[in-house]
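A short worksheet on the structure shown next.
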Amino acid sequence: MSDKSIASKILGVIAVVLGLIVAVGPHYIFPVCQYHGMLLETAAGTKVPMKCYWTAMGEVGLGALIVVTGIVLIVSKHAETRRALGFVLAALGVVVALVPTY
């Protein structure tokens, strides 16, 4: 194993851990408004989840993508694949930061 291969495996493990944190964070670490019983009430009287709930659902999907990408990075053998997956992880990291802010 080369040093770059070991580094990519370490990066893959870090990505899996961070992806899990992103996926479970809005539900267990920092629960969103719906877990505190807060819902929006429409003019018709029905209650619907707030935007923060849907943002949390989006973060779960992004966290799952990060976990899958990290696992593929761990098992990949080609340098080009590892490089491309690094760019994918970087892009997913940017999207994770942008989803709750925009």
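Kindly state, as a whole number, the per residue volume in cubic angstrom of the convex hull around the alpha carbon atoms of the stretch 1-48.
Looking at the stretch 1-48, the number lands at 74 Å³ per residue.
Straight-line reach from K9: which lysines fall under 18 Å, measuring Cα to Cα and dropping same-chain residues less than 8 apart?
Output for K9: K77.
Could you sort V94, V24, V67 by their accessible area in this structure, using a 1.4 Å probe and putting the largest first?
The residues order as V94, V24, V67, largest area first.
Across 5 Å bins from 0, what is the distribution of all Cα-Cα pair distances for the chain, in whole percents?
Per 5 Å bin, starting at 0, the Cα pair percentages come out as 2, 13, 20, 17, 14, 11, 8, 6, 4, 3, 1, 1, 0.
Probe radius 1.4 Å, ligands and nucleic acids left out: which of T101, T81 has the largest accessible area, and how do the rest follow?
Sorted by accessible area, descending: T101, T81.
The values are calculated or read from the model by the stated rules, or taken from the named source; none is laboratory data. Predicted model only: the values in this text are computed from it and were never measured. Areas reflect the complete protein model, heavy atoms only, side chains present, ligands, DNA and RNA absent. Shrake-Rupley method; radii C 1.70, N 1.55, O 1.52, S 1.80 Å.
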